[in-house]
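The values are calculated or read from the model by the stated rules, or taken from the named source; none is laboratory data. This one's a predicted model, so the numbers in the text were calculated from it and none came from an experiment. Every residue, glycine as well, gets a Cβ built from its backbone with ideal geometry; the counts of neighbours run over all protein chains shown. Surface accessibility is based on the protein's heavy atoms, side chains included, excluding ligands, DNA and RNA. Shrake-Rupley method; radii C 1.70, N 1.55, O 1.52, S 1.80 Å.
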Amino acid sequence: MADNNHSYFQHLYFVLTGIPELEQKYYWMAFPLGAIYAIALFGNCVIISTIKSAVSLHIPMYYFLCMLALADMGLALCTLPSVLGIFWFNYKLIAFDACLVQMYFIHTFSAIESGVLVAMAFDRVVAIGTPLRYGTILTSGGVCRAGAVILTRAVCVVFPVPFLIKRLPFYHSNILSHSFCLHQDVMRLACASTRVNSLYGLIAVIFTKGSDSLSILLSYVFILRTVMAIASGEGRWKALNTCVSHLCAVLLFYVPLIGVSVIHRFRKHLSPLTHALMADAYLLIPPVLNPIVYAVKTKEIRRKIIQIFVQTKITAER
């Protein structure tokens, strides 16, 4: 009967986990977490509005940065309801279907961000390798097509994942390891073979983040070869300096991602606290720190932030 009608053996709800071993401090952690989300949303909104309003930033590099900011906002908004629900209201339940929806959007926005980082790496390759042809290779139409390809790939690759989970029976534990739903975490609770899920998940990761990370690595090999061919030290430094922000964004995304993958592989040897902190870092660090990195390197964005704070101060004084 379990094989023929799995719907009778699915939990109505999953129980989310905040940060194990720190349950008594949730009240004190609620407002810092709220501030982190506010910083992430505010920072990425500033980037988008600045790029939209500053004509000098209407170039492919900043169009891709706008896409990155949108992906970061998507990641933050996906996890915000469940995370703040736990820490502000101690509400840990999430409906089975709502969990699948959250899982889909988390993995989709993550794949989008990975694809945008590849596009930004290609932008740097063209800017440093063939600067005189930059405007003809990376046109506005080409940027739009690249964005459409990135979005389509992410949507299509992740689309089967919720349906592969939906077909599985769940009638033992319904307690998840994180404050949100991830494919690996939900899959481990299934009471049937998850070989198909694991295989498809591996293929999806290789096709998206695996190929993306390899593309970024090859891009920087090409960039370093080009930079080393520049005669003057000042010219080399100037060329490499244009890549600093992108390199920071790559590290902020891939280092926590690798950490989450490792802890899911060796979960038996690590504490639940480590699981929770790494997963939170994976989804919170890029949206929070990417705007700060680009604000430090882009004077127009810094000027916009200062302008907002000045206007806020004037309004408050009135």
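Structure notes:
- Residues in the range 67-84 that are free of Cβ contacts under 8 Å to residues at least 60 places away in the same chain and surrounded by fewer than 22 Cβ atoms within 10 Å (Cβ to Cβ) were compared, and the one that is nearest to S140 (Cα to Cα) is L70.
- Residue within the range 194-206 that is of a type in the set (V, I, T), within 30 Å of Y62 (Cα to Cα) and either under 22 Å from the mean Cα position of the chain (by Cα) or open to solvent by less than 50 Å² (accessible area, probe 1.4 Å) (or both) present: yes
- Residue count, the range 20-48 (criterion: under 24 Å from G141 (Cα atoms) and at pLDDT below 90): 0
- When each of V149, V101 is tested for being open to solvent by 50 Å² or more (accessible area, probe 1.4 Å), of a type outside the set (G, A, S) and under 24 Å from A281 (Cβ atoms), the lone residue that passes is V101.
- The one condition in (1) farther than 30 Å from A229 by Cα; (2) exposed (fewer than 13 other Cβ atoms within 10 Å of the Cβ) that T136 fails to fulfil: (1)
- Here L273 meets each of (1) in contact with a Lys or Arg (Cβ under 8 Å, 6 or more places away or on another chain); (2) touching a residue at least 40 places away in the same chain (Cβ under 8 Å) with one exception, condition (1).
- Residue, nearest to F64 (Cα to Cα), within the range 290-302, restricted to residues that are without any contact (Cβ under 8 Å) to a residue 60 or more places away in the chain and open to solvent by 80 Å² or more (accessible area, probe 1.4 Å): K297
- The criterion of at least 2 residues that are among the charged types (D, E, K, R), modelled with pLDDT under 90 and in contact with a Leu (Cβ under 6 Å, 6 or more places away or on another chain) is met by none of the helices (runs of 4 or more DSSP H) wholly inside the range 207-284.
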